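Heads up: the structure comes next, in structure tokens.
None of the figures in this text is laboratory data; all of them are computed from the coordinates on show. Just so it is clear, the structure is predicted and the values come from calculations on it, not from any experiment. Because the Cβ atoms are built from the backbone with ideal geometry, glycine has one as well, and the counts that use them run over all protein chains shown.
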Amino acid sequence: MSDSSPRYDLVLSGGEVFDSATGQSQVTDVAVTGDRVARIGPGLAATARQVVDCTGQYVLPGLVEAHTHIFADVSKVGAPPDEAHLRRGVVAANDAGTVGAATFPAFEKHIAGPSRMRLVNFLNVSVLGLIDFRFGELLNPDTLVPEDALAVAAANPHRVRGFKIRLSDDVVGLAWRPLLKRSLALSAEAGLPLMVHIGETPEPLPAVLEMLRPGDVVAHCYTGKPYGILQDGTVLPEVYAARERGVLFESAHGRSNLSFKVAKPAIAQGFLPDVITSDTSARNWHGPVFDLVTSMAKLRALGMTIAQIVPRVTEAPARLLGLLDEGYGSLREGGPAHVTVLAEAEEAVLPDAAGNEITAPRLEPSLVLLAGEQVPTVPWRGAAGSAGQ
Ligand SMILES: [Zn+2]
């Protein structure tokens, strides 16, 4: 190779490149060759076949979504994964409880297998999974069949990375405690975390938290429904105690579970989510959720910094889903070239799940690489004239 021949296929030049573990950033270049990150450092553009100027933009590892619903065509809440996520900057995602042991083969065959994204799931403890919101999947408690859930998890370690229970009273009725106990027991047997959906739980949150173990996950930490993390506007001491023990909290916006009136004081008090998630579904991907980058923009408007946000949509979810070893959630030389470049976008009116609104600048994926290959993005679905509005 002569000195003048291109050394790299593509160089993303002059962007703010983030360390996904610390959230610290520096203005530098990222070079990609084939499906790998070849080099990170200054002055790489001169030896590139193609250069993309990323000045003023954020260069991140491909985003990882730890809570979504993507069992399209089987579940009424399933959004199409590539359209809802990949084309909006997310390269790996976790279906959180849409799928149960009885429907897992269909998820594998029709969704997870064919997708270009890296998809995993937290299996619903009910064999039925979440097919239709109108009919709580655990109202018949006999649908919690530990042997079935354990058998699917054991046979599919590449896919099943945890379990999920929804603790709303329209799902579990009054029997929440024995159902949660059995779910904790089966997840312990599998050696996997349990994600617990809160919001409209039958009892105040501390009663749930005291049962959870290190590594378990509370979904919807900023829910405005009873019972949440605040009392009289202050984060409950039991919430901090649970975090201290290693219980994780994720933001899971969803159609009805992000309240600005909860998130704003909680963030001001220093209670940030461990993982930022959108809880995208067929019910909300045309609003109020839209996508993960919109959830990021909302939390920024409510007080979080970009440096705080980046690790929580990259390294933290990749760790939770067991995907760090596969190179998700970080940008490093020799690692897979999954990259999401975000640009500052125009101000927009952004709604929460309760009808409150803030006006804030959005973030927009300007370039998405999946294993070095450029993915065509789609415009924000909240934009006037955008398809589906
Ligand atoms: Zn959800």
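Here are the numbers:
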| item | result |
| --- | --- |
| Low-density loop cleavage sites - trypsin sites (Lys or Arg not before Pro) in region 107-178, where at most 12 other Cβ are within 10 Å (DSSP) | Arg134 |
| Computed [θ] at 222 nm, helices only, for the chain once each DSSP H run of length n ≥ 4 contributes -39500 (n - 2.57) | -5500 deg cm²/dmol |
| For region 314-361: span of alpha carbons on each principal axis (Å, largest first) | 42, 23, 10 |
| Filtered GluC sites (Glu not before Pro), region 234-283: DSSP coil and at most 13 other beta carbons within 10 Å | none |
| Average projected area [Cα convex hull, the chain], square nanometres | 18.3 nm² |
| Nonlocal amide H pairs with Gly335, under 5 Å, H built at 1.01 Å | Val37 |
| Of Val196, Val262, Thr103, farthest towards positive along the dipole that unit charges on Lys, Arg, Asp, Glu beta carbons give region 63-326 | Val262 |
| Euclidean distance of C-alpha centroids, region 306-335 and region 206-230, integer Å | 24 Å |
| Placed amide H near Ala354: partners under 5 Å, 5+ positions off or other chain | Phe260 |
| Those GluC sites (Glu not before Pro) in region 280-389 that DSSP places in a loop and that have at most 12 other beta carbons within 10 Å | Glu333 |
